[in-house]
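The values are calculated or read from the model by the stated rules, or taken from the named source; none is laboratory data. The structure presented is a predicted model; accordingly, all values stated were derived computationally and were not measured. To get the accessible areas, we keep the full protein, side chains included, count just its heavy atoms, and leave off ligands, DNA and RNA. Shrake-Rupley method; radii C 1.70, N 1.55, O 1.52, S 1.80 Å.
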Amino acid sequence: MLTVIALGGNAITPRGSSGSPREQWDSVRVAARALADIVEEGSKLVVTHGNGPQVGYLMEAFDSLPSIMPRQTLDLAVAMTQGWLGFLIAHAIEEELARRGLRKRAVVIPTRVLVSLEDPEFSNPSKYIGRYYGEEEARRVSRELGWVMRRDPRGGFRRVVPSPRPLKILEVDVIRALVDQGYVVVAAGGGGIPVAMVNGSLKPVEAVVDKDLASSVLAVDLEASSLVVLTDVPGIAIGYGRPEEIWLRKVKVEDLKRYYEKGEFPPGSMGPKVLAVINFVEKTGRTAHIGLLEEALDVVRGLKGTVIEP
Ligand code: ADP
Ligand code: MG
């Protein structure tokens, strides 16, 4: 049995957390306990994770460096977050497993994800990243750095980058080999470092791939037994946040597609998770799960959260 677990941003920086190293360790240790439960049940484990707050933090940090220091690109920032968060997660899992008397190692794989420059997102980028700028300043950074700046509905101007569809995880064979040797593998962090084929060779591109969609592609290619998306809500709701709200316990993939088409799931949050589970269930004929990080084991067992069935 091989379980692919996609960890939400709340696993490391819950809403309201300052993001200090101390708080990161506290949060990741909670996540590690949940993941260790699954390993203890006997499943092989591949863990993916988001990086929204951390990549935003790095881009802002680059932005505030003295001007004699070169700015780093977004692909490098994503790579940095894979090392940063991958280390936190892998170290915390090993520690938790050791506490339970299990001598199992965890490894982090810097992971690239193939995207196409033909993706419509490259002509019409949609993903806001980093800090908010005033109009004047936005014009200046756009001129100096070539960034695409757009007015954020939440106020101010922000950089927008393409969020293309993931086509393939380039390290999938390495990940499979390590899983087969018994390692817990942390991979595809932040949706992977986007690369595209340009004149016959792979080039990094400044884009952000959704981590849930990338996890789904990885889970399909690894022929995982299940894809489990752990987040800060107890599953998928219909009528979310409205009086008629209903939490789904079990849903057939074709019913979930209908709800998706009705616009039940917003693009920046539950939308990509729903597309991710639909893709996995349709391609593999196996089940997927969405639920609370704190209830991970019960979510994997199908006792809690939402079970998406073929
Ligand atoms: P993560 O960091 O785990 O990717 P997101 O914030 O991207 O978390 O997505 C989870 C959020 O999706 C929940 O906190 C919830 O507010 C929101 N959400 C939007 N629509 C729904 C829905 N229909 N059912 C459940 N949650 C939803
Ligand atoms: Mg998300």
**Complete:** Averaged per residue, the 1.4 Å probe accessible area of region 25-127, protein heavy atoms only, in Å², is roughly 49 Å²
**Message:** List the lysines whose Cα sits under 30 Å from the Cα of residue 262, skipping any in the same chain fewer than 8 residues away.
**Reply:** 127, 168, 211, 250, 252, 273, 283, 304
**Cα long-axis angle, helix 135-145 against the chain (0 to 90 degrees, to the nearest 10)** = 90 degrees
**Item:** Å² per residue, accessible surface of region 136-243 at 1.4 Å
**Value:** 44 Å²
**Request:** Pop out the carbon and sulfur fraction of the accessible area of region 1-160 as a percent, whole number, probe 1.4 Å.
**Result:** 53 percent
**Prompt:** Semi-axes of the equivalent ellipsoid of the chain: what are they in whole Å, largest first, if each equals the square root of 5 times a C-alpha gyration tensor eigenvalue?
**Reply:** 30, 23, 20
**Where 122, 62, 280, 87 fall by accessible area, highest first, once all protein chains stay in place (1.4 Å)** = 87, 122, 62, 280
**Request:** On the full set of protein chains, 1.4 Å probe, figure out the accessible area of residue 282 and give it in Å² to the nearest 10.
**Result:** 100 Å²
**Prompt:** Nearest 10 degrees, 0 to 90: what angle lies between the long axis of helix 270-284 and the longest principal axis of the chain (Cα atoms)?
**Reply:** 50 degrees
**Complete:** With all protein chains present and a 1.4 Å probe, the order of 59, 69 from largest accessible area down is 69, 59
**Asked** What does the helix-only formula give at 222 nm for the chain: each DSSP H stretch with n ≥ 4 adding -39500 (n - 2.57), the total divided by the residues, and the result rounded to the nearest 500 deg cm²/dmol?
**Response** -12000 deg cm²/dmol
**Asked** Expressed as an acute angle from 0 to 90° and rounded to the nearest 10, what is the orientation of the C-alpha long axis of helix 74-99 relative to the principal long axis of the chain?
**Response** 30 degrees
**Under the Karplus curve 6.51 cos²θ - 1.76 cosθ + 1.60, θ = phi - 60°, whole-Hz ³J(HN,Hα) for region 15-21, x wherever Gly or Pro sits** = 3, x, 7, 7, x, 5, x
**Prompt:** Hey, how many Å between the Cα centroid of region 192-268 and the Cα centroid of region 1-69?
**Reply:** 18 Å
**Request:** Run through the DSSP bridge list for the chain and note the antiparallel percent, rounded to the nearest 5.
**Result:** 40 percent
**Prompt:** Accessible surface of residue 167 in the full protein assembly, 1.4 angstrom probe, to the nearest 10 Å²?
**Reply:** 80 Å²
